[in-house]
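Trainee: Okay, handing you the structure first.
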Amino acid sequence: MTTPKAFNPFGPDAQVQSIEQLTVENDPLRVSLYGRLDITHDRVGLQNAHALAALLDAVVARLEAEPGLPDHAQVAPRTHKMTNPFA
């Protein structure tokens, strides 16, 4: 397990953290989670559960502290222009 550093959800700087095979990407517009995390019935599983709970608690606290939180975020997909290789 990677010990999480101070996590600043929706902060000005992009962050990436991992808990086992679960990756958490953070940027000013979104927090993305992907991968796999097994919470096993042992001390390592407990540590992983605490790490995940701490990350999610930080996200929830940040969202709850936002007075003008919109109903839906206007987030454009991350794309860039490419030339057509078949043209």
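Here is a yes/no grid of residues against (1) in contact with a Phe, Trp or Tyr (Cβ under 8 Å, 6 or more places away or on another chain); (2) over 26 Å from residue 8 (Cβ atoms); (3) of a type outside the set (A, V, I, L, M, F, W, C):
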{"residue": "47", "(1), (2), (3)": "no, no, yes"}
{"residue": "50", "(1), (2), (3)": "no, no, yes"}
{"residue": "58", "(1), (2), (3)": "yes, no, no"}
{"residue": "61", "(1), (2), (3)": "no, no, no"}
{"residue": "67", "(1), (2), (3)": "no, no, yes"}
{"residue": "70", "(1), (2), (3)": "no, no, yes"}
{"residue": "73", "(1), (2), (3)": "no, no, no"}
{"residue": "81", "(1), (2), (3)": "no, yes, yes"}
{"residue": "85", "(1), (2), (3)": "no, yes, yes"}
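Trainee: Further, regarding this structure: Taking the stretch 1-30 as the search range and keeping residues that are at pLDDT below 90 and of a type in the set (Asp, Glu), which one is nearest to residue 69 (Cα to Cα)?
Mentor: Selected residue: 27.
Trainee: So which residues in the stretch 1-55 are more than 9 Å from the chain's Cα centre (by Cα), small (Gly, Ala, Ser) and assigned to a strand (DSSP E or B), if there are any at all?
Mentor: 18, 35
Trainee: In addition: Is there any pair with a first residue in the stretch 48-64 that is under 14 Å from residue 26 (Cα atoms) and a second that is assigned to a helix (DSSP H, G or I) and not charged (D, E, K, R) whose Cβ atoms are under 7 Å apart and which are 6 or more apart or on different chains, and what are they?
Mentor: Qualifying pairs under 7 Å: none.
Trainee: May I pose another question? Would you please name the residue that is modelled with the highest pLDDT, looking only at residues in the stretch 56-87 that are of a type in the set (A, V, I, L, M, F, W, C) and assigned to a loop (DSSP other than H, G, I, E, B)? Let's see the steps before the verdict.
Mentor: Start the filter on the stretch 56-87 by keeping residues that are of a type in the set (A, V, I, L, M, F, W, C), which leaves 56, 58-61, 63, 65, 69, 73, 75-76, 82, 86-87.
Right, trim to assigned to a loop (DSSP other than H, G, I, E, B) and you get 65, 69, 73, 75-76, 82, 86-87.
Numbers: 65: 94, 69: 88, 73: 80, 75: 68, 76: 65, 82: 80, 86: 88, 87: 76.
Per the stated criteria, the residue is 65.
The values are calculated or read from the model by the stated rules, or taken from the named source; none is laboratory data. If you're wondering where the values come from, they're calculated on a predicted model, not measured in any experiment. Heads up, the Cβs are rebuilt from the backbone with ideal geometry, glycines too, and the neighbour counts pull from every protein chain shown.
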